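Have a look at the structure below, then the notes.
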Amino acid sequence: MIFDSIIFEVDLKVKVVNSRKVNDKRVSKGLMEINGISRLSFPPKYKVQTETLVSMHSTLDLNYTFVRKAVEGTVEMRILEAGPVNFHGKIIARTSSFPCDIMLHDSKLAGMLIAGEGGILQTARRVVSVSVDEPLLLTIATATGGVRTVEFTPKHGSYDEERITCSDYKMLVKVTWSIVHR
């Protein structure tokens, strides 16, 4: 249960406009408060809620949901052998009952991922929260058309890993589970 308000600070800046650097031009800045008192009992189904921040240059929507009995899953992807060392495509997380995809990486928006030391792909986002009662589904979709979905079952203080092949990529996908402290 949530008793206090949750405050999000937004400082959204643009780095590139029409292929030209603009030195972190501010688009939106402000605070968004979600009142926890009014959400003492969670609805039985996940419901995506939206808070809106209107500023001089933009309107920003924050979509969120509350996750019951949450655990954190830290996703690590490693290119194992042969094939390309750079990843072109999308990496998406979801659960069976959450109605939205959680984008961990999209090459069209963020550029290709370059494998670092040990073949590890450094995504911009790698932590997701899921209920301990339902599986995490990770979908890897390559730019060449290969798609592979892997299912992981949350476990307190443990990890899961699976070797997969998706198009020309041979990868190790690992999820490390952590308890969300309240």
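Here the condition is being at pLDDT 75 or above, of a type outside the set (Phe, Trp, Tyr) and not in a loop (DSSP other than H, G, I, E, B); of 27, 22, 67, it holds for 27 alone.
In the set 88, 105, only one residue is touching a Leu at 6+ places or on another chain (Cβ under 9 Å), surrounded by 14 or more Cβ atoms within 10 Å (Cβ to Cβ) and without any contact (Cβ under 8 Å) to a residue 40 or more places away in the chain; that residue is 105.
The combined condition, being at pLDDT 80 or above and among the basic types (Lys, Arg), is not fulfilled by residue 45. Scoring residue 169 on the criteria (1) modelled with pLDDT under 85; (2) more than 18 Å from the chain's Cα centre (by Cα); (3) over 30 Å from residue 4 (Cα atoms) leaves a single failure, condition (1).
The values are calculated or read from the model by the stated rules, or taken from the named source; none is laboratory data. Everything numeric here is computed off the predicted structure, so don't read it as measured data. With ideal geometry, Cβ positions are generated from the backbone for all residues, glycine too; neighbour counts draw on all protein chains shown.
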